[in-house]
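The values are calculated or read from the model by the stated rules, or taken from the named source; none is laboratory data. As the structure is a computational prediction, the values presented were derived from the model and not from experiment. With ideal geometry, Cβ positions are generated from the backbone for all residues, glycine too; neighbour counts draw on all protein chains shown. Ligands, DNA and RNA are excluded from the accessible area calculation, which covers all protein heavy atoms including side chains. Shrake-Rupley method; radii C 1.70, N 1.55, O 1.52, S 1.80 Å.
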Amino acid sequence: MRTPLHCIGHHFLTGGSAIACYTSKMEAPSAITFTVEPDEAGGYTASWDGPGGGGISTEGDSLVDLQANILDAVRCHFGPDQPGKVFLHFTEDVALIPA
């Protein structure tokens, strides 16, 4: 399993041990949208570009991991003044395969 990596501006977080955590000084928008893409090595990457520069990028080995990593990165980036909604825009359709 890969270690989650969050890149916020020029600050990096790795799963479990934060190197640095940047809390944005800007007011949180009411909603943000992450662009989600499949990763060549497996899993997914997600990114949101902040309107004033910077932003948030993270990854997950599964959609469940990705969701948790996105919410963790949003909490870190915005602090207590978080967006009310976080949307995911998938660049490719996700297929469910019944057992």
Subset of the range 61-84 [of a type in the set (G, A, S) and in a helix (DSSP H, G or I)]: A68, A73
F78 modelled with pLDDT under 95 and under 23 Å from S30 (Cα atoms): yes
Residues of the range 60-71 satisfying the condition of being in contact with a Ser or Thr (Cβ under 8 Å, 6 or more places away or on another chain) and not β-branched (V, I, T): L66, N69
Extreme residue, farthest from E40 (Cα to Cα), among residues of the range 66-96 that are in contact with a Gly (Cβ under 9 Å, 6 or more places away or on another chain) and open to solvent by less than 50 Å² (accessible area, probe 1.4 Å): H77
Complete set of residues in the range 45-62 that are farther than 28 Å from E27 by Cα and either in contact (Cβ under 8 Å) with a residue 24 or more places away in the chain or touching a helix residue (DSSP H, G or I) at 6+ places or on another chain (Cβ under 9 Å) (or both): D61
Criterion violated by M1 - all others in (1) modelled with pLDDT under 90; (2) open to solvent by 70 Å² or more (accessible area, probe 1.4 Å); (3) within 23 Å of D81 (Cβ to Cβ) satisfied: (3)
Hits in the range 56-65 (condition: crowded, with 17+ Cβ neighbours inside 10 Å and not hydrophobic (A, V, I, L, M, F, W, C)): S57, T58, E59, G60, D65
Filtered residues of the range 84-94 (kept if at pLDDT below 95 and under 15 Å from A28 (Cβ atoms)): G84
Qualifying positions in the range 7-55 - over 12 Å from F78 (Cα atoms), at pLDDT below 60 and surrounded by 14 or more Cβ atoms within 10 Å (Cβ to Cβ): C7, G9, H11, F12, L13, G15
